[in-house]
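Below: the structure, in structure tokens.
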């Protein structure tokens, strides 16, 4: 995690654990490949945010087709849900928009982890139940640099 | 005339009898000993008074304050108007995020989703 004063930087360990738990619940209970990215994107202009989020989604590789990626940029105050073509059938844009709405209202109140977890629950509820999918090997990987 | 006298007498007697009857217990001997307030006891000293009326309420207030504030002080609270300096975290992301992002190709895939800001 980040260096420096842990009190004003980043998600706490318990917050990360809660998000990890919510992510793995989506995989186990709903068979939905969900991934969450929390961090600002290195952009020249904020208008490129969607493309950058799409790139992160593409970086999921073979999983991307049926994966849902939630990108939360706390400093840029932007949130993006990117769904692959197969995932989009289970999580329609309308559902994604509702999840985004509940995230933005939670985030503006200062609740980062709670907003993400609630949104994941909404996505999972919409996706319905499917057989569990395997856990990815590196959950909660810290990314030092990207783009 | 006699009717008015009778009325006045009745009213007066009723009042007096009621007052004395209801006041009677106050004059009764208390079989349990002196009633409360009978013996005021020793007054509070300055130190005791301060402890009881100043230190004790303050201490109770502090304990409640600590119980309320301590869990919040420990948790990292996100402030929407402050810059975000923490390293990025990718939950259930690719094994090697940096390499994966560098080699990522958008392709002509139609992606869905939604976006928002706050």
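Of the residues making up the stretch A:54-79, those that are assigned to a strand (DSSP E or B) and under 20 Å from residue A:132 (Cα atoms) are A:67, A:68, A:69, A:70.
When residue A:108 is tested against (1) surrounded by fewer than 21 Cβ atoms within 10 Å (Cβ to Cβ); (2) closer than 28 Å to residue B:103 by Cα, just one condition goes unmet, and that condition is (2). For the stretch A:50-65, taking the residues that are within 8 Å of chain B (Cβ to nearest Cβ), modelled with pLDDT of 90 or more and surrounded by fewer than 24 Cβ atoms within 10 Å (Cβ to Cβ), the one that is nearest to residue A:88 (Cα to Cα) is identified as A:65. A residue that is in contact with a strand residue (DSSP E or B) (Cβ under 7 Å, 6 or more places away or on another chain) and not in a helix (DSSP H, G or I) occurs nowhere in the stretch A:45-53. Exactly one residue among A:68, A:34, A:91, A:100 is surrounded by 16 or more Cβ atoms within 10 Å (Cβ to Cβ) and in contact (Cβ under 8 Å) with a residue 60 or more places away in the chain, and that residue is A:34. Whether a residue is at the interface with chain B (Cβ under 7 Å from one of its Cβ atoms) and within 12 Å of the chain's Cα centre (by Cα) was assessed, and residue A:72 does not pass this test.
Tell me which residues, restricted to the stretch B:59-106, are farther than 25 Å from residue A:104 by Cβ, more than 7 Å from chain A (Cβ to nearest Cβ) and either outside any helix (DSSP H, G or I) or in contact with a helix residue (DSSP H, G or I) (Cβ under 7 Å, 6 or more places away or on another chain) (or both). If the condition is that a residue be farther than 25 Å from residue A:104 by Cβ, more than 7 Å from chain A (Cβ to nearest Cβ) and either outside any helix (DSSP H, G or I) or in contact with a helix residue (DSSP H, G or I) (Cβ under 7 Å, 6 or more places away or on another chain) (or both), then B:96, B:103 are the ones that fit.
When restricted to residues that are modelled with pLDDT of 90 or more and surrounded by 10 or more Cβ atoms within 10 Å (Cβ to Cβ), the stretch B:36-57 contains 10.
Based on this model, can you work out whether residue A:41 counts as more than 7 Å from every other protein chain (Cβ to nearest Cβ), under 27 Å from residue A:128 (Cβ atoms) and surrounded by 17 or more Cβ atoms within 10 Å (Cβ to Cβ)? Judged against the criteria, residue A:41 is not a match.
The values are calculated or read from the model by the stated rules, or taken from the named source; none is laboratory data. Note that the structure is predicted; figures quoted are calculated from it, not measured. Reconstructed Cβ throughout: ideal geometry from the backbone, glycine too, with neighbour counts over all protein chains shown.
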